[in-house]
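The next block holds one structure in the form of C-alpha cells; read it before the comments.
The values are calculated or read from the model by the stated rules, or taken from the named source; none is laboratory data. Here the structure is a predicted model, which means the values were calculated and not measured. Positions of Cβ are generated from backbone atoms using ideal geometry, with glycine treated the same way; all protein chains shown enter the neighbour counts.
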Amino acid sequence: MSGWRLPSGGAIDRARPLGFTFDGRQFEGFAGDTLASALLASGTRILGRSFKYHRPRGLWGMGGEEPNAIIDVTDAGVTTPNLRATLVPLRAGLEARSVNASPTAERDCWAVLDLLHRFLPAGFYYKTFMAPDWMRWEPSIRRMAGLGRLDPGNRPPADAVPMNARADLLVIGAGPAGLAAARAAARNGRAVWLVEEAPAIGGALRWRGGAIEGADWEAFAADTAQTVEAAGGRVMTDTTLWGAFDHGLYAAWERRAGRGDRHWRIRAGEVVLAAGALERPLWFANNDLPGVMSAEAGLHYLSLYGVAAGRRVLVACANDAPYAVAGALAEAGAQVTLADARADTPEAPEGVRLLRGARISRARGTREVGAADVDGAHLDVDTILCSGGWTPTVHLFCQAGGKLDLDARRDALVPRPGTAPMQVAGAANGAFGLQAALDEGHRAGGGTGPAPRAAAAADWAVMPMRPDPASGGRQWIDLQNDVTFKDVKLAAQEGFRSVEHLKRYTTLGMATDQGRTANFAGLAALAAVTGRSVEETGTTTYRPPFAPVPFPVIAGPRRGELFNPPRRLPLEPAHRDLGARWRDYGGWLRPATYGEGDEAALAQAEALEARQAAGLYDASSLGKIEVIGPGAAALVDFCNYVRMSTLEPGRARYGFMLSESGVVHDDGVVLRLAEDRFLVSASSSHTASVRLMLEEARQDRFDPRQVFVHDVTAHWTTLTVTGPGARELILGAGIAEEVAALRFMRVAETAWRGVPLRAARVSFTGDLSYELSVPARHGGMLMQALDGARAAVGACWIGLEALMILRAEKGFVLVGKDTDGVTMPQDLGWTGPREKRTDEYLGRRALFTPEARRADRRQLVGLEAEGEALPVGAHAVPLEGQRRSLGFVTSSHMSPVLGRPIALALVEAGNDRLGQEVGIFHLGETRRARIVPACSYDPEGTRRDG
Amino acid sequence: MQIFTCPFCGPREETEFHFGAEAGKARPEPAPEISDAAWADYLYMNEAPRGRAREIWVHLTCGEFFVMERDTVTREVLTVAALPGREA
Ligand SMILES: [Zn+2]
C-alpha cells in the first residue's frame, strides 16, 4: 500500500478529472494536480530508475529540488525531456515517460546493474575511460547511464520573444518573507517584481496555513499582490529565477501552460532573496527506496492535493517542523509513528505514537518501503517521511559572489551579510519560523514600523543530524547521481579531500538538481570521514543555472535562420530568378552556383566560361570604407602595409592591413578617389574589424577632426564583369567608352543612365575585369543591363564556387583561408614595404622579431598533382626520412582551364623548395605533389587587359 | 551582463563594447629603435590589476573610444571619460 487520495480536501477541482498516461499506462487525476501529486495519489511508487545503478526511485520532494521524479513529457505533440514531475501541471492527454528505464520504470531490464554495485564505485567512469580499450565499452555505458531521451525530429515551438524588464526591487520567492518584503517596498511606492517558482504565492503558508495580522494568511497575500501591482510592480508565479549575473541582471524562466514558456531578463535596482529552505534527507540504509519522502512534501501533498503519502507512516526527524506533518496525517486517517532523535521533544500530536531519542537505521523492502528499523526494533510501515534539518536556498546569493557561515544553532550554512549585492530574508537566511520570516522580510523591503504579526510565533528547534560513518548498509547522499556514503569514504581514502575534488570525483551534486538535497549531506559526510568540521570542509562553487532551463526557452525565436542571421544582397530576388543556389560566405548569403545539377560540375562550367568568354558576379558584400579628409592619406598609410599616400587620385593599389603583431588581418585594394578621399576595400567578413582598426588609429594617433572613417558597404551594389569578353559586355550594356578604356588599377567616378557609377579596373581573377558600383537602389537597373548584354558575348553569371577556382588559379589569397594566425606579408611574397618603408605603420616592428626573421617560416606556394584535387587541410610531409608536417593545403580545386588539380599551401621555407616533391598525407594515405609558385595560370599576366 | 556607460551615448549593455587596451600604454616607436623585448612587452604584457583598472574601451555602435575606470573585483564602473580632446 502507498499513496492514496482523501475523499475530500485539497485545492483541486474534483469535478474535473483529467486522463493521462505514465509509461503507457492510463491514469486519472484532477484539474489542479501536478503530475507528481496525481501519480502519488494513484499509488504509483516507482517513477524512474537511478542514474548509475538503475535502482527504483520514487517521489522525494515537492518542487524544483526533486532529484528522482524526472520525466519526459509529451503535451499537445511537443516532447520536453527531463522535467520535474513536481513542476508539471497536469493536463488532459498528457503523456509522461520515465527516464533511464527500459522498457518502463516498473520493469527495467538494467536493474541487474544494482547487483554489480561493488564493481561500480566512485570514479568508476574515470577509471574505465582511462583503460586502454575503453572505447569498446563507451556505447553501452552511454545507453545505460543517462536521463531523458531527445527525439531528433522534435522541433518544439519557441516563438515567445525573450523579455527585458526593470524593477526597483526584485523579490525572489513569495513565501512569508518575500510577501512581507514586497508589501513593505510597494507601500513605499517602489516598483517591485515578486517572482515565485510555484503556481501560487504563499510559500509554505499554502500547505501549513497560518494567521497573519489577525486574519487568514490568504488575505495578507492578496493584499500584498494588490499593493505590488498598484505601485507599478508585478507578481509572477510559475517562474523560476535561474541565474544572478553582473550589475543586477537576473534571468527567469516563466512557464505558461499552453502559451509557450517565456524567458525574462530582469535588471533590478535592489534584490531581496526569500527563496526559503529545503528539507534535508536523513541517512540510513536504503534511504533511496520509493516511499522515502521529504516530510514537508508529505504535508504539501496532503494539504494542497488531498493526497496522503501512505497509510502506515514513519516520520523520522530531529527538529520541530515535521510534528505538523505527523499530526495532519494522523488526522487524515493514517497510522503515524514519529521517531525523533532528540530526547527533549515537543508533545506528541494527537493520534501520533512518539518515540523519543529514536533513530531510523534501515529501510526494508526491495522495490519500495515495506518496513523500517528504528533503534533495533522492526516497524511495519509503508512510508518513511524524513526531515534531516533545513538547508537555506542560497544559490542565487552565492552566484552573485556571496559567502556563507555556519549557524550552529540552526545547523545551516547562512549568508554572510554584505558579501553579495542582495539582502536575504526568511528561511533562506536561516530564519525558520513564520514570525522570523515576516520580521526579516519586512525589514529587507525597507518597511518602517512593526512587521506583520503571525499567530504562531515560535522558531523551530533543530538538532544537527549527520551521516554516521559507523552505520551499515548503502546510504545515499546524492539520489540523482547515485552517490553513496561509501563513495564519499572511498574518495577521501583515495585522497580527494577537497570538496571541489570530491564533487568531481564522485559527481556528487553535479546532477541536474545541482545537488539541492545532497550538497549539505555531502559536506557533512566528507567532514565526518575526514574528521573536520563542516566549515573547514567548505562549499563548492554555485553557478547558474539554479534549475535546468529548456534551451528553447532561452533561445526563443533566435534559432535556425534567425540564430545568426546572414546579411543578404539587395539583388537576392534577381539572383534567385537566375537560379542561384545560396550559401553563407563569411556571414553573407551569396550565390554558390547558378542553375540545376551537381554543384562541383556547375562551378567548373562557370569558371571555364568566365575564362573563355566572360563571367558576372555580385561583389556587393565586399567591404567599402571611405576615409575622408585632409588627414586621410596619413591614416591610410599608417593602417596599411603598402604606402597609399603616393597613389595619384584615380588610381588603385593592392595592400594588406596588419595587426600590431605583424599578422595579416585583411587584404584588399585601396582606391584613391580624390586627394582627400580614399576607398578602402575589405573582405566581406572583415569589414567591421577593418573599420574598427581605422577608427582606433584615427582617434588614438591622428587629429580626428582632420579625417573621418565611414563604412559605406551597404550604400553600393557592386557587380563585377570579368573575362576576355568583359569590355564588349559592358559596352553592350551602354556603359561609357571612357569606362571601357580604363587602364589596369584605375578608377573612374562617372555616371550611367543618370545615376552615379564608380568603375574600377581591379581583378580578382587575373582576367580583364570591371568592378561596377552604383547606389544600391539602382542595382537592379545595372544588373538588368548587364544581363541583357550577356548573351552577345556568351557570358554567364558565376557563383562564389567558380570565383574561388578563378582566384586560386592566380594564387590570390583569401585571408583566413590561405593565411593563418601567424602569416605575415613576407610569407605571401610581399617583402617590399618591410624592406623599404621608413615610416611607422601598423605591425611594423613585429615584422622584425626573431620569429619574423626565421628562415623556416611557412610561405605561400602552389602544389601541382595528378588525379583528383588534393584534400584541403592535408599535411605536406617529406617523402623521405622522418615524417613531420611541413605545412598544409589551404585551398584546392580542379582547374577546368588547366585540366588538372591546383592547390595553394603554406609550406615551411616553401620558396626554397620550389620544384621539389613532397608527400601530401591525408587519412593514412600519402600522395605526391610538386611545390610550384602560387600562381598557376597566366603567370605573365597577359590576360589582364583582355 | 554588465552595464557600461559610453560618454557619448549613456549606459548600454556590455555586448555593445569591446576592450581596447589598458590606458596609458604608449606605442614604442620608431620601430628600428625598439628592442624585441620592449615590443613584446608592449604587445603582450598587461598589468591586469585586481581591483581598480584604467582601460580604453570602444562603444561599437557609435565607434567612439573612451577611458573607463572600473573595479575588476566588484565590477563597479567608477568613471568614464572621452579621450583627451574628444569631449562631447
Ligand atoms: Zn557610444
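Results, tabulated for the structure shown:
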item	result
Residue among A:Arg516, A:Arg532 that is free of Cβ contacts under 8 Å to residues at least 12 places away in the same chain and farther than 30 Å from A:Gly794 by Cβ	A:Arg532
Segment A:438-457 - residue that is touching a residue at least 40 places away in the same chain (Cβ under 8 Å) and more than 18 Å from A:Arg187 (Cβ to Cβ) and, of those, surrounded by the most Cβ atoms within 10 Å (Cβ to Cβ)	A:Ala454
Residue tally, condition touching a helix residue (DSSP H, G or I) at 6+ places or on another chain (Cβ under 6 Å) and not in a loop (DSSP other than H, G, I, E, B), over segment A:334-353	3
Residue among A:Gly441, A:Gly402, A:Gly418 that alone is farther than 25 Å from A:Met510 by Cα and in a loop (DSSP other than H, G, I, E, B)	A:Gly418
Count of residues meeting criterion [in a loop (DSSP other than H, G, I, E, B) and closer than 29 Å to B:Gly63 by Cβ] in segment A:711-725	1
Test: residue in segment A:501-518 that is farther than 18 Å from A:Phe51 by Cβ and of a type in the set (Phe, Trp, Tyr)	no
Count of segment A:65-76 residues which are in contact with a Leu (Cβ under 6 Å, 6 or more places away or on another chain) and either in the same structural domain as A:Ala204 (by TED's automatic domain parsing) or in a loop (DSSP other than H, G, I, E, B) (or both)	4
Checking A:Thr74 against (1) at pLDDT below 95; (2) in contact with a strand residue (DSSP E or B) (Cβ under 8 Å, 6 or more places away or on another chain); (3) surrounded by 24 or more Cβ atoms within 10 Å (Cβ to Cβ), the condition it does not meet	(3)
Sole residue being within 12 Å of chain A (Cβ to nearest Cβ) and touching a Gly at 6+ places or on another chain (Cβ under 7 Å), chosen from B:Val77, B:Val58, B:Val67	B:Val58
Scope segment A:852-867; condition of a type outside the set (A, V, I, L, M, F, W, C) and either buried (at least 23 other Cβ atoms within 10 Å of the Cβ) or away from chain B (no Cβ under 14 Å) (or both); matching residues	A:Asp856, A:Arg857, A:Arg858, A:Gln859, A:Gly862, A:Glu864, A:Glu866, A:Gly867
Residue, nearest to the other protein chains (Cβ to nearest Cβ), within segment A:204-254, restricted to residues that are of a type in the set (Phe, Trp, Tyr) and closer than 13 Å to A:Leu179 by Cβ	A:Phe220
Strands (runs of 3 or more DSSP E) wholly inside chain B that include at least 2 residues being within 12 Å of the ligand (Cβ to nearest atom) and crowded, with 16+ Cβ neighbours inside 10 Å	B:3-6, B:52-59, B:64-71, B:77-82
Residue within segment A:828-851 that is more than 14 Å from every other protein chain (Cβ to nearest Cβ) and among the acidic types (Asp, Glu) present	no
Check on A:Gly734, assigned to a loop (DSSP other than H, G, I, E, B), on the phi > 0 side of the Ramachandran plot and surrounded by fewer than 16 Cβ atoms within 10 Å (Cβ to Cβ)	yes
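Yes/no per residue for (1) touching a helix residue (DSSP H, G or I) at 6+ places or on another chain (Cβ under 9 Å); (2) assigned by TED's automatic domain parsing to the domain that holds A:Ala339; (3) buried (at least 23 other Cβ atoms within 10 Å of the Cβ):
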{"position": "A:Val381", "(1), (2), (3)": "no, yes, yes"}
{"position": "A:Gln399", "(1), (2), (3)": "no, no, no"}
{"position": "A:Gly402", "(1), (2), (3)": "yes, no, no"}
{"position": "A:Leu406", "(1), (2), (3)": "yes, no, no"}
{"position": "A:Arg409", "(1), (2), (3)": "no, no, no"}
{"position": "A:Pro421", "(1), (2), (3)": "yes, no, no"}
